[in-house]
Amino acid sequence: MRGTVDSMTPAIVSVPDQIGRRLVSLACRAPSVHNTQPWAWRLRPDGVDLYADHQRRLSVADPVGRELTISCGAALHHVQVAARAMGWSAAVRRLPDAMAPALLAQVRLSPAVPPRDAAGDLAALRDRYTDRRRFTSWPVPDERLQGLAAAARGHGVGAVALTDVTARFRVELLISRALQLQARHLALADEQQTWLERHRGYGIPVASVPDRASADESRRSRFGLGTLEDDGRDVEGRDGLVVLCAEEDSREAWLRAGEGLSALWLRAVRTGLSVVPLSQALEVDETRAALRYDVFGGLAVPMLLVRVGWQAIGRSQLPRTPRRPVSDVFRP
């Protein structure tokens with residue numbers, strides 16, 4: 001299988017180790033399912049290589065590694081944004097070696113002029129985080145949602161802003177159905193619990209998880225043991241919704257979905273919007289198939305849902321999810 005390349009391979013140039021480490025440090029701020037941070041990196045004289053760390057795969061929720069690869073794709077886009085802001089042009093080759101499936105991408109760097117908005121890009125990388133609390137009742141204008149979808153599509157993934165009332169209603173039902181099915185899956189519940197309140201630089205702090213251990217299944221969160229006060233549903237009618245999708249369910253499509261997610265999210269950060277990924281309906285075979293055929297008519301494979309909205313003015317920020325020490329993510 002031949003890897004895909006976005007631009008001409010630049011002449012080999014020596015990249016200082018401290019630059020490579022700084023880029024990886026910023027890339028590791030990317031979002032990942034359950035904050036598993038399922039990536040590994042290798043410094044090269046002319047750039048960095050990105051690997052999947054399958055020891056961090058969610059074996060119950062993500063048996064084929066789709067969400068793991070999407071997470072790594074978000075880190076791949078983060079490293080490209082960081083490189084550009086720091087004055088480096090990044091040539092990316094995805095899935096370059098069929099005999100080394102863990103190697104997801106090679107990123108080769110060459111000196112370039114930083115863009116005028118470099119400071120804003122770096123700030124967005126630093127400021128991006130996940131706040132699962134309910135949004136305000138202010139609607140997100142359709143043109144804003146379309147702009148976020150367009151940002152994702154610029155990275156080789158399909159993206160659809162769900163503004164049709166019927167489609168939204170179907171999606172909300174599917175998310176609710178997925179939560180109901182997952183709540184009855186003991187192995188899945190155990191797996192989710194293992195990633196709550198980890199103390200080694202990964203996992204999800206209980207203080208950032210809404211406490212929705214309600215008897216009303218429609219109000220339950222996938223993490224029902226949090227301490228954050230919040231009594232909403234995972235999706236409310238006023239939320240903006242965007243679906244990332246692809247023509248096929250392939251590893252490259254997963255990787256590009258992660259890049260599109262990162263692009264969408266960073267644009268949202270720069271425009272004052274909040275983003276929360278919703279993977280539940282994609283983790284259950286029944287609801288994933290219904291989303292594909294009932295909502296998209298079988299024309300696209302859904303990869304991820306995200307809800308978009310406005311956080312309340314003056315609301316205190318949550319503690320940031322922990323990050324592994326950068327030294328832990330490098331391969332020899």
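Each reported figure results from applying straightforward, stated rules to the coordinates on display, with no laboratory input. Quantities reported herein were computed from a predicted structural model and do not represent experimental measurements. So basically every Cβ, Gly included, is an ideal-geometry build from the backbone, and we count neighbours across all protein chains shown.
For this structure, a couple of remarks:
- Mean residue ellipticity, 222 nm, helices only, the chain: the sum of -39500 (n - 2.57) across DSSP H runs of n ≥ 4, divided by residue count and rounded to 500, is -10500 deg cm²/dmol.
- Region 4-128, relative contact order [Cα under 8 Å, separation at least 6], %: 31 percent
- Neighbour net charge for residue 294 - beta-carbon separation under 15 angstrom, K R +1, D E -1: +1
- Region 90-126: trypsin sites (Lys or Arg not before Pro) in DSSP coil with no more than 15 other Cβ atoms inside 10 Å: 116
- Charge dipole (the chain, unit charges on Cβ, about Cα centre) - positive-most of 281, 148, 115: 115
- Rounded, prolate or oblate (a/c below 1.5 giving rounded, otherwise prolate when a/b exceeds b/c) for region 4-128 by Cα gyration tensor: oblate
- Remark: region 60-76, residue by residue, has Karplus-estimated 3J(HN,Hα) of 8, 6, 9, x, 9, x, 5, 5, 4, 5, 4, 4, 5, x, 5, 5, 5 Hz, where x stands for each Gly or Pro and the curve is 6.51 cos²θ - 1.76 cosθ + 1.60 at θ = phi - 60°.
- Cα-based values for the chain, radius of gyration first and Dmax second, are 19.1, 61 Å.
- For the chain, with +1 on Lys and Arg beta carbons and -1 on Asp and Glu, the positive-most of 138, 39, 185 along the dipole: 39
- Note on region 93-185: along the principal axes its Cα atoms extend 48, 40, 24 Å, ordered by decreasing extent.
- Its relative contact order, with pairs defined as Cα atoms under 8 Å and 6+ residues apart, puts the chain at 23 percent.
- Each peptide in 307-315, 69-77 receives the mean, over its residues, of other Cβ atoms within 10 Å, and ordering these scores from highest gives 69-77, 307-315.
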